[in-house]
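Quick notes on the structure that follows.
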Amino acid sequence: MTQTELKGIHHVTAITSSAEKIIPLFTDVLGMRLVKKTVNQDDIQTYHLFFADDTGSPGTDMTFFDYSKSHSHQKGTDSISRVSFRVPSDLALLYWEKRLSDYHISHHPIEQCFGRKIMYFEDFDQQQYALVSDENNKGIESGTPWGNSSVPVQFAITGLGPVWLTVSDIKHMRSVLESVLHFSLVSTDGPSHLYECGMGGNGASLIITEDTQSPSYIEGHGGIHHVAFRVDDQYALDHWINTFDDLDHRHSGFIDRFYFQSLYAKLYDNILFEFATEGPGFLDDQENSHSLGTTLALPPALESEREAIEAMVRPIDTSKVNTARTKDYLGFEKE
């Protein structure tokens, strides 16, 4: 790998209709850690919630903008249509099949997708997710399960898996992925194409499906806002800025998000790509490794506006979000 190459999926950001519902879904049911309760830096009246592994590692973040008054999304083509989460094994999927049933979460039977076992499910907004087995997976490493979760370590979510894109112009998207971003085509199955970047594997994959019949996706709660790819540092971001300038692709330019640095570009209509650095990460002067997610955290650029921001966002108490849960084995054997 070169220093500027895309390494894998960094995070995925979606839109929820309820921060109050999404927090217990991800922490209590899915066993992911709330590593940051902050605000959308481009819309400070809106919560931005980050769920990740035990330390908030890049490649493990599922994040949400909380738009409680937004309309529901319209499913359709030209969209980021699904995000998946990695679990250690095929056996772990059997555990999750029972767990999701016990929590009355809508899900499909376990099936095969590009040679790996997978299970699709959705939340209260009909947001589309999947759990994917890392059994026999080779490629970029995943994260560390959250220690205070009720999910036993041998079954726990460790990070982000493949992300699905649905497009009406497969030729255009393939050109973007292959010629611009240097993804490699790994496999094709009917209308779907598996692409990988960097070291490959579940944490560095996109699944592209052609759909020329559906109407275009319309953004709203239950939909995905953008997908971010991992890069090493600001040097790599500068490389991509220069690349997009040379190709005459519009982009945001360098943006400092404090927890990482970013670049945004729409290389395909209606689909937003972000490029985000590996660090600095979520540990800072406001929250240490024990207190992540328990306060309203603001980057230094917004700290002077804290009083106004706290008056705008409704209070959500997450002070006890890191309380240790009893492990739920659900009849499966302990390690």
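Descriptive notes on the structure:
- Of all residues in segment 27-40, those being touching an Asp or Glu at 6+ places or on another chain (Cβ under 9 Å) and either among the charged types (D, E, K, R) or assigned to a strand (DSSP E or B) (or both) number 4.
- Test: residue in segment 260-268 that is part of a strand (DSSP E or B) and among the polar types (S, T, N, Q): yes
- For segment 98-114, a residue qualifies if it is assigned to a loop (DSSP other than H, G, I, E, B) and either crowded, with 21+ Cβ neighbours inside 10 Å or touching a Leu at 6+ places or on another chain (Cβ under 9 Å) (or both), and the qualifying residues are Y103, I105, S106, I110, F114.
- Any pair with Cβ under 6 angstrom, 6 or more apart, that starts in segment 41-57 at a residue that is assigned to a strand (DSSP E or B) and buried (at least 19 other Cβ atoms within 10 Å of the Cβ) and ends at one that is modelled with pLDDT of 95 or more and among the small types (G, A, S): Y47/A19
- If you go through segment 226-261 and keep only what is surrounded by fewer than 20 Cβ atoms within 10 Å (Cβ to Cβ) and within 20 Å of H172 (Cα to Cα), you end up with H226, T243, F244, D245, D246, L247, D248, H249, R250, H251.
- Restricting L292, L302, L267, L263 to those that are within 21 Å of Q45 (Cβ to Cβ) and touching a strand residue (DSSP E or B) at 6+ places or on another chain (Cβ under 7 Å) reduces the list to L302.
- Against the numbered list (1) surrounded by fewer than 22 Cβ atoms within 10 Å (Cβ to Cβ); (2) of a type in the set (D, E, K, R); (3) closer than 15 Å to A276 by Cβ, D61 comes up short only at (1).
- Applying the criterion of being touching a helix residue (DSSP H, G or I) at 6+ places or on another chain (Cβ under 9 Å) and of a type in the set (S, T, N, Q) to the residues of segment 80-97, the residue that is surrounded by the fewest Cβ atoms within 10 Å (Cβ to Cβ) is S89.
- Qualifying residues in segment 121-143 (those that are charged (D, E, K, R), at pLDDT 95 or above and within 26 Å of K7 (Cα to Cα)) - the one surrounded by the most Cβ atoms within 10 Å (Cβ to Cβ): D134
- Test for D284: is it of a type in the set (D, E, K, R) and over 22 Å from V35 (Cβ atoms): no
- Restricting segment 3-26 to residues that are of a type in the set (S, T, Y) and assigned to a loop (DSSP other than H, G, I, E, B), the residue that is farthest from S304 (Cα to Cα) is T4.
- S289 fulfils the conditions (1) at pLDDT 95 or above; (2) within 27 Å of G159 (Cα to Cα); (3) small (G, A, S) except for a single criterion, (1).
- For segment 119-127, the condition of being free of Cβ contacts under 8 Å to residues at least 24 places away in the same chain, part of a strand (DSSP E or B), among the hydrophobic types (A, V, I, L, M, F, W, C) and within 19 Å of I224 (Cα to Cα) holds for at least one residue.
- Per this entry, E278 is not counted among residues that are touching a residue at least 12 places away in the same chain (Cβ under 8 Å) and closer than 16 Å to H48 by Cβ.
- Only one entry in T294, T323 is part of a loop (DSSP other than H, G, I, E, B) and under 30 Å from K98 (Cβ atoms), namely T323.
- Flag for A301 being over 30 Å from E210 (Cβ atoms) and part of a helix (DSSP H, G or I): yes
- Total residues in segment 304-313 satisfying the condition of being in a loop (DSSP other than H, G, I, E, B) and surrounded by 11 or more Cβ atoms within 10 Å (Cβ to Cβ): the figure is 2.
- Cβ-Cβ under 6 Å pairs, at least 6 apart or on other chains, segment 294-311 side touching a residue at least 24 places away in the same chain (Cβ under 8 Å), far side small (G, A, S) and surrounded by fewer than 15 Cβ atoms within 10 Å (Cβ to Cβ): T294/S319
The values are calculated or read from the model by the stated rules, or taken from the named source; none is laboratory data. These figures come from a predicted structure and were not determined experimentally. Positions of Cβ are generated from backbone atoms using ideal geometry, with glycine treated the same way; all protein chains shown enter the neighbour counts.
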